[in-house]
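The values are calculated or read from the model by the stated rules, or taken from the named source; none is laboratory data. Here the structure is a predicted model, which means the values were calculated and not measured. Reconstructed Cβ throughout: ideal geometry from the backbone, glycine too, with neighbour counts over all protein chains shown.
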Amino acid sequence: MRYGIESYLSEKCSFKCAGSSRTVQDFFNYMEENKPGKSAVPKVLVTEFCTEGETGADIPMIKKCRKLYPETKIIVYTERKSPVLVNAAIEADAMGYVTKQSDERELKNAMDSVLSGRIYVEPDLAKNLVVFERTVENNISRIYTKIGVFSRDELVRFEEAFKKSA
C-alpha cells in the first residue's frame, strides 16, 4: 500500500516522497536521522491508523510527532470511518483525515489543503462530524439537566463540591 501511495503522489501529483516506514519506531528513527540540519524534515506525513502490530499507538504517535516536528503536517489515511477517530486525530493535531475507500484524488486534496495550513477531512466524513458534534452537545445537555447545572462553570463548581464531600 505504501508503495502505491508513493507512486501515485510522485507520478500524478508531483509530490516527492522523502521515505516510508512500516512501524512507528522506524518512522521516528528516520526522522531523527533526517532532522533539520542534516536534511529537510518532511513537510507532510501520511500515516495509517492501527499500524501493524501497534494498535493504540496512533494518537500518541501523532502527538509525539507534532511535539518533536511541529513543521510536519500529518494526514491520517485509513480504512476507519469513525467520527470518534476523526475527532481524536484532529484533537491530537493531525491536519487531515482521508479514508482508503475514497477516490485517490482525496489524498491529493488533503495534501494541498494541509500544505496551505488548512485542516482537511474527507467530505463524506465531515458531514458526519456535524451530526456527531450535535450528539455530544445533546449528551452534555442531558448531563447538565440530570445534575441540575446550566453551564460549564456551574459544572466545575459542582465537581469541586462533590470532591470535597467524597
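Using the structure shown, decide if Val76 is β-branched (Val, Ile, Thr), touching a Phe, Trp or Tyr at 6+ places or on another chain (Cβ under 6 Å) and within 19 Å of Gly19 (Cβ to Cβ). Break it down into steps so the answer makes sense when it comes.
Working: β-branched (Val, Ile, Thr): yes; touching a Phe, Trp or Tyr at 6+ places or on another chain (Cβ under 6 Å): yes; within 19 Å of Gly19 (Cβ to Cβ): yes.
Criteria met by Val76.
Of a type in the set (D, E, K, R) and more than 17 Å from Arg80 (Cβ to Cβ), is that true of Glu122? For Glu122, the condition - of a type in the set (D, E, K, R) and more than 17 Å from Arg80 (Cβ to Cβ) - is not met.
Output yes when any residue across region 76-86 is of a type in the set (A, V, I, L, M), at pLDDT 90 or above and assigned by TED's automatic domain parsing to the domain that holds Cys13, and no when none is. There is at least one residue in region 76-86 that is of a type in the set (A, V, I, L, M), at pLDDT 90 or above and assigned by TED's automatic domain parsing to the domain that holds Cys13. Considering (1) without any contact (Cβ under 8 Å) to a residue 24 or more places away in the chain; (2) farther than 21 Å from Tyr30 by Cβ, say which one Thr99 fails and leave the rest. It is condition (1) that Thr99 fails. What about Leu107, is it surrounded by 16 or more Cβ atoms within 10 Å (Cβ to Cβ) and in contact with a Pro (Cβ under 8 Å, 6 or more places away or on another chain)? It is false that Leu107 is surrounded by 16 or more Cβ atoms within 10 Å (Cβ to Cβ) and in contact with a Pro (Cβ under 8 Å, 6 or more places away or on another chain).
Within region 32-64, restricting attention to residues that are among the polar types (S, T, N, Q) and modelled with pLDDT under 65, which residue is farthest from Lys81 (Cα to Cα)? Even if it seems obvious, please write down each step before you answer.
If we filter region 32-64 for residues that are among the polar types (S, T, N, Q), which is where we start, we get 34, 39, 47, 51, 55.
Narrowing the set further to residues that are modelled with pLDDT under 65 leaves 39, 51, 55.
On the way: Ser39: 35, Thr51: 16, Thr55: 16 Å.
Out of the qualifying residues, it is Ser39.
In region 125-166, of all residues being within 24 Å of Pro83 (Cα to Cα) and of a type in the set (S, T, N, Q), the one that is modelled with the highest pLDDT corresponds to Ser141.
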